[in-house]
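Bear in mind these aren't lab numbers, they're just calculated from the coordinates by the rules spelled out. Model, not experiment: these values are computed from the prediction. FYI the Cβ positions are ideal-geometry reconstructions off the backbone, even for glycines, and counts take in every protein chain you see.
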Amino acid sequence: MSDGEVEQLNRRWAIDGQARFEPGGGGLTRLAIHAAQATAHVYLHGAHVTAWQPTDHAPVLWLSSASRFEASKPIRGGVPICFPWFGPKPDDPDAPAHGLARTRTWNVSGVHVTADDEVVATFETRLQAFILTYTVTVGRTLTMSLHVLNESPHPQRFEAALHTYLTVGDIRQARVTGLEGTTFIDKVDGGRRKTQPNEPVLFTQETDRVYLDTDSACVLHDPVLLRRIVVDKSGSRSTVVWNPWIAKAARMDDFGDHEWPGMCCIETACVADNAVHLSPGADHAVNAVLSVQRS
Ligand code: TA6
């Protein structure tokens, strides 16, 4: 985007001292938000939230130091939007993993400040049979809402995930609660379906699990940073938990070999058995709400 186009966005949408478009990584345009109680970055590339930091807390979202910032590549970290499929496309091995939404440039459709001094930014894009509207609300909590409208005359099925990367002091000492007793697809064990015991999710190896039929909020307990990150949700029946561990991190060229202990994905999703089916003209919203508590 040219300087002129960025300035045009600012003339239309900037809010003095609270929201302004600027060149970010790789020259890609981002919205820099300085709300009363938090800061954040959202790139037009993928409508990708890459940073959220409430006042008096360490950064909450994790971003790889090796991330690409290129139009053809997803940003590694933050909250990629996976849509309209999750993971590899079953009928097309050449299709990009996690769909098309995270590598396209979204349009800005609104920026405003609420009565509670939260900054709300809205982005839109048309993708296949769908109109997507993504609303990001920045304050002491971070709310991300992906609204999907089927604008076609035919029934449509989609998968979606707000693929949230969280910063953690040391994944080997962290635990995730909220999924006890839930069925999951274990992607590091041939996709076998298992049941989470009545205990937290602990991390001792590559962990890649799609938990199904769960409406529960999850809590990432971090005894190193002495905090809990709560991932609450609505409109989502799946939760994905992922850490690549040593070997997979080394295989990803946009993920630092030694970064894996510092991150944990807790993804707010509608995937596999929980994919969404929309009649013509119907809509659905997937909502994630992040908050941080000292522990
Ligand atoms: O959500 C976990 C996962 O599906 C893992 O299997 C891993 O592939 C991760 O997503 C990242 O996918 P990406 O295409 O962004 O490298």
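Structural remarks
- Length gained when the stretch S216-N10 is fully extended (0.36 nm per residue, less Cα-Cα span): 70.3 nm
- Radius 13 Å from Cβ of V108, net charge of other residues (Lys, Arg +1; Asp, Glu -1): +2
- Cα-projected label distance for E124 with S2, points at 7 Å along beta-carbon direction, nm: 2.5
- For H258 and R157, the difference between the fully extended length at 0.36 nm per residue and the C-alpha to C-alpha distance is 32.6 nm.
- Amide H contacts of R227 (H built 1.01 Å from N, under 5 Å, at least 5 apart or other chain): D222, S295
- Here the range 38-67 and the range 84-140 have alpha carbon centers that stand 15 Å from each other.
- Summary of the geometry: the range 268-295 and the range 174-235, compared by the centres of their Cα atoms, lie 16 Å apart.
- Extension gain (nm, one decimal) between R192 and S279, 0.36 nm per residue minus Cα-Cα: 28.2 nm
- Value in Å of the Kirkwood radius, where the chain supplies the Cα pairs that are averaged: 19.4
- Charged neighbours of N10, selected by a Cβ distance under 14 Å, balance to -1 (K, R count +1; D, E count -1).
- Neighbourhood net charge (13 Å Cβ-Cβ; Lys/Arg +1, Asp/Glu -1) for S72: +2
- Prolate is the label for the range 1-154, because the ratio a/c of its alpha-carbon gyration tensor axes (a ≥ b ≥ c) is 1.5 or higher and a/b is greater than b/c.
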